[in-house]
Amino acid sequence: MSNHDEIHTSHLKLKVNGQIRQLVVDTRTTLLDALRENLQLTGTKKGCDHGQCGACTVIVDGRRINSCLTLAVMQQDAEVTTIEGLGTPDNLHPMQAAFIRHDGYQCGYCTPGQICSSVAVLHEIENGIPSHVTHDLVSPPQCTADEIRERMSGNICRCGAYSNILAAIEDVAGGQKS
């Protein structure tokens, strides 16, 4: 590695899916590319690479983000949860099980981002964070279909499984304490 290359690299420590990971990345590397290329966590998908489709959604420090829009070095010491960290084939996360139960996927490409976003959406509502359609900003938001649709609007499904995705989220929300 030349001196010039070293100028553009940085040491990075992340807690990914509960495990501390240390990386050396080019400072221009997105979190998405660090997850996929450096850590081989390929569940997070690269869709538009412009933050418009939501396929790359992951949960960072409890909040959902488009991993294609943030540099990996900006997430130093962050806790990152990808689809691989939510559940396993033998022990599915309730949202993963609901997506299967309600056929909330078709081709499956957007599904990891949809599921990560769905999990975070329910936490946002539970934590009283309003959205653009929240009518009463003094009271906690209700987990209505309109709230869920608004909050999930950044996640695109080209197959059009939206009604099934909504049903899956409502199923999990119904099983949670309100």
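Can you list, largest first and rounded to whole Å, the semi-axes you get for the range 49-110 by taking the square root of 5 times each eigenvalue of its Cα gyration tensor?
Working: eigenvalues 113, 49, 12 Å².
The equivalent ellipsoid of the range 49-110 has semi-axes of 24, 16, 8 Å.
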| query | Can you list the aspartates and glutamates whose alpha carbon sits under 13 Å from that of K45, skipping same-chain ones fewer than 8 residues off? | reply | D33, E37, E84
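Would you mind working out the magnitude of the charge dipole of the range 126-178 relative to its Cα centre, with +1 at each Lys and Arg C-beta and -1 at each Asp and Glu C-beta, to the nearest 20 Debye?
180
When the accessible area of the chain is computed with all protein chains present and a 1.4 Å probe, what percentage of it is carbon and sulfur? Mind dumping the intermediate values first?
Values: 4810 of 9770 Å².
Roughly 49 percent of what the probe reaches on the chain is carbon or sulfur.
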| request: For G47, enumerate residues with amide H under 5 Å from its amide H, sequence gap 5+ or separate chain, H modeled in the peptide plane. | output: A55, C56
| query | Roughly how many Å is it from the Cα centre of the range 83-145 to that of the range 1-65, as a whole number? | reply | 22
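Rounded to the nearest 500, what is the chain's calculated 222 nm mean residue ellipticity when only DSSP H runs of at least 4 contribute -39500 (n - 2.57) each, over all residues? Can you show the working numbers first?
Numbers: 6 runs with 53 residues, N = 178.
About -8500 deg cm²/dmol.
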| From phi via Karplus (6.51, -1.76, 1.60), per-residue ³J(HN,Hα) for the range 107-121 in Hz, x at Gly/Pro | 6, x, 4, 7, 4, x, x, 4, 5, 4, 5, 4, 4, 5, 4
| message | Tell me the accessible surface of S131 in square angstrom (1.4 angstrom probe, heavy atoms of protein chains only), to the nearest ten. | response | 30
| In sequence order, what are the phi-derived ³J(HN,Hα) couplings for the range 153-170 according to the Karplus relation 6.51 cos²θ - 1.76 cosθ + 1.60 with θ = phi - 60°, rounded to whole Hz, with x for glycine and proline? | 5, x, 10, 9, 10, 5, 7, x, 8, 4, 5, 6, 5, 4, 4, 5, 5, 4
| query | Given H placed 1.01 Å from N in the peptide plane, which residues other than close sequence neighbours of V16 have an amide H under 5 Å from its amide H? | reply | R21, V80
| said: Which order do the peptides 105-116, 138-149 come out in when sorted by mean C-beta neighbours inside 10 angstrom, highest first? | reply: 105-116, 138-149
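Could you do me a favour and compute the accessible area per residue for the range 1-69, 1.4 Å probe, result in Å²? Present the calculation step by step, with values, prior to reporting the outcome.
On the way: 3840 Å² over 69 residues.
Computed with neighbouring chains in place, this is 56 Å² per residue.
Starting from the Cα-Cα distance between L92 and T27, subtract it from 0.36 nm times their residue separation and give me the gain in nm to one decimal.
Values: separation 65, 0.36 × 65 = 23.40 nm, distance 3.45 nm.
Going from the current span to full extension adds 19.9 nm.
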| Convex hull over the alpha-carbon atoms of the chain: what's its volume per residue in Å³? | 126
| message | Per-residue counts of other Cβ atoms within 10 Å, averaged by peptide: what ranking do you get for 71-79, 25-33, highest first? | response | 25-33, 71-79
| query | When each pair of different Cα atoms in the range 88-143 is counted once in the 1/r mean, what is the Kirkwood radius in angstroms, to one decimal? | reply | 12.8
| What net charge is computed for the residues neighbouring V133, neighbours being all others with C-beta under 14 Å from the C-beta of V133, Lys and Arg scored +1, Asp and Glu -1? | -3
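The values are calculated or read from the model by the stated rules, or taken from the named source; none is laboratory data. Remember, predicted model here, so these are calculated numbers, not experimental data. Counting neighbours? That spans all protein chains shown, and the Cβs are built from the backbone with ideal geometry, glycine included. Keep in mind that these areas ignore ligands, DNA and RNA; they rest on the heavy atoms of the full protein, side chains included. Shrake-Rupley method; radii C 1.70, N 1.55, O 1.52, S 1.80 Å.
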